[in-house]
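Participant: Please see the structure below; I have some questions.
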Amino acid sequence: MLSKKVQAALNEQIRIEAESSQVYLAMASWAEIQPGIDNVTAFFYKHSEEERQHMLKLIHFVNERGGFATIPPLPQPQLTFPSIKHAFEELLKHEVFVSESINKCVDIALSEKDYATHNFLQWYVAEQIEEEALARIMNDKLELIGDDKSGMYLFDRDILTISLNVENSK
Ligand code: FEO
């Protein structure tokens with residue numbers, strides 16, 4: 001059975017994962033109408049879908065442990081971006097924020113002596129390490145590319161392979 005404090009923390013995390021999914025969905029839709037970045041678009045759609053899976057995993061966990069997962073309202077995310085680089089900077093900032101939030105959940109689980117939740121959350125801790133690393137790699141590459149169009153062509157060509165390599169290196 002979840003304590004009230006743990007349930008509240010996990011419900012907040014459900015909200016954050018849902019919001020993450022929306023934020024990346026907005027990036028995907030924006031990217032889709034920019035010329036020539038089909039794989040960047042696919043990356044954002046995939047990332048949005050992954051965040052939805054993170055949310056669902058939490059919902060099932062809360063409900064299976066005798067709690068009640070509440071489905072949150074969501075604000076409209078940022079819809080347009082000055083550049084692809086800006087979108088990826090936002091993505092990194094957002095992932096850092098998510099990691100901090102996961103850490104808070106871990107702290108609360110420990111303070112409540114809820115070792116099952118603590119154990120469950122380790123998957124998210126590992127996932128955040130990967131997602132932050134991936135976001136940093138993308139930002140570093142975009143920094144190098146600057147305004148170089150051929151660099152952007154290669155970035156779009158390689159982005160899905162890069163993200164797959166980071167996932168597989170876990
Ligand atoms: Fe589920 Fe990228 O945070």
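The values are calculated or read from the model by the stated rules, or taken from the named source; none is laboratory data. Fair warning: this is a prediction, and the values are worked out from it, not measured in the lab. In this analysis, Cβ positions are derived from the backbone assuming ideal geometry, glycine residues included, and neighbour counts consider all displayed protein chains. With ligands, DNA and RNA removed, areas are computed over all heavy atoms of the protein, side chains included. Shrake-Rupley method; radii C 1.70, N 1.55, O 1.52, S 1.80 Å.
Participant: Using the structure shown, decide if residue 59 is open to solvent by less than 60 Å² (accessible area, probe 1.4 Å) and either within 19 Å of residue 9 (Cβ to Cβ) or assigned to a helix (DSSP H, G or I) (or both).
Facilitator: Working: open to solvent by less than 60 Å² (accessible area, probe 1.4 Å): yes; either within 19 Å of residue 9 (Cβ to Cβ) or assigned to a helix (DSSP H, G or I) (or both): yes.
Considered against the rule, which asks whether it is open to solvent by less than 60 Å² (accessible area, probe 1.4 Å) and either within 19 Å of residue 9 (Cβ to Cβ) or assigned to a helix (DSSP H, G or I) (or both), residue 59 comes out as yes.
Participant: Could you pull out the residue among 140, 158 that is in contact with a Lys or Arg (Cβ under 9 Å, 6 or more places away or on another chain), assigned to a helix (DSSP H, G or I) and loosely packed, with under 14 Cβ neighbours inside 10 Å?
Facilitator: Details: 140 fails: in contact with a Lys or Arg (Cβ under 9 Å, 6 or more places away or on another chain).
So the residue among 140, 158 that is in contact with a Lys or Arg (Cβ under 9 Å, 6 or more places away or on another chain), assigned to a helix (DSSP H, G or I) and loosely packed, with under 14 Cβ neighbours inside 10 Å is 158.
Participant: I would also like to ask the following. Residues that are among the small types (Gly, Ala, Ser), open to solvent by less than 70 Å² (accessible area, probe 1.4 Å) and in a helix (DSSP H, G or I): does segment 77-87 have at least one? Break it down stepwise before answering.
Facilitator: Pass one, segment 77-87, residues among the small types (Gly, Ala, Ser): 83, 87.
Those still in the list that are open to solvent by less than 70 Å² (accessible area, probe 1.4 Å) too: 83, 87.
This time we only want the ones that are in a helix (DSSP H, G or I), so: 87.
Checked segment 77-87: at least one residue is among the small types (Gly, Ala, Ser), open to solvent by less than 70 Å² (accessible area, probe 1.4 Å) and in a helix (DSSP H, G or I).
Participant: Could you grab me the full set of residues in segment 14-51 that are outside any helix (DSSP H, G or I) and hydrophobic (A, V, I, L, M, F, W, C)? Outline the logic, then answer.
Facilitator: Step one: filter segment 14-51 for residues outside any helix (DSSP H, G or I), giving 33-37.
Within segment 14-51, 33, 37 meet the criteria.
Participant: Go over the candidates 124, 153 one by one and state the one that is within 18 Å of residue 59 (Cα to Cα) and touching a residue at least 60 places away in the same chain (Cβ under 8 Å). Break it down into steps so the answer makes sense when it comes.
Facilitator: On the way: 153 fails: within 18 Å of residue 59 (Cα to Cα).
Checking each option against the conditions leaves just 124.
Per-residue answers, yes or no, for (1) more than 14 Å from the ligand (Cβ to nearest atom); (2) among the aliphatic types (A, V, I, L, M); (3) touching a residue at least 40 places away in the same chain (Cβ under 8 Å):
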{"residue": "52", "(1), (2), (3)": "no, no, no"}
{"residue": "64", "(1), (2), (3)": "yes, no, no"}
{"residue": "82", "(1), (2), (3)": "yes, no, no"}
{"residue": "86", "(1), (2), (3)": "yes, no, no"}
{"residue": "93", "(1), (2), (3)": "no, no, no"}
{"residue": "102", "(1), (2), (3)": "no, yes, yes"}
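Participant: Please name all residue pairs, on different chains or six or more residues apart, with Cβ atoms under 6 Å, provided the first residue is in segment 34-50 and is modelled with pLDDT of 95 or more and the second residue is part of a helix (DSSP H, G or I) and among the β-branched types (Val, Ile, Thr).
Facilitator: Pairs that qualify, where the first residue is modelled with pLDDT of 95 or more and the partner is part of a helix (DSSP H, G or I) and among the β-branched types (Val, Ile, Thr), are 39/159; 40/159; 43/159.
Participant: Something else about it: Would you say residue 117 is touching a residue at least 40 places away in the same chain (Cβ under 8 Å), more than 16 Å from the ligand (Cβ to nearest atom), among the hydroxyl-bearing types (Ser, Thr, Tyr) and part of a helix (DSSP H, G or I)?
Facilitator: Yes.
Participant: I've got another one for you. Does residue 94 satisfy being over 17 Å from residue 135 (Cα atoms) and surrounded by 17 or more Cβ atoms within 10 Å (Cβ to Cβ)?
Facilitator: Values: over 17 Å from residue 135 (Cα atoms): no; surrounded by 17 or more Cβ atoms within 10 Å (Cβ to Cβ): yes.
When the stated conditions are applied, residue 94 does not pass them.
Participant: Kindly evaluate residue 132 against the criterion of being surrounded by 12 or more Cβ atoms within 10 Å (Cβ to Cβ), in contact with a helix residue (DSSP H, G or I) (Cβ under 6 Å, 6 or more places away or on another chain) and either without any contact (Cβ under 8 Å) to a residue 24 or more places away in the chain or assigned to a helix (DSSP H, G or I) (or both). Talk me through it step by step, then tell me what you get.
Facilitator: Numbers: surrounded by 12 or more Cβ atoms within 10 Å (Cβ to Cβ): yes; in contact with a helix residue (DSSP H, G or I) (Cβ under 6 Å, 6 or more places away or on another chain): yes; either without any contact (Cβ under 8 Å) to a residue 24 or more places away in the chain or assigned to a helix (DSSP H, G or I) (or both): yes.
The answer is yes for residue 132.
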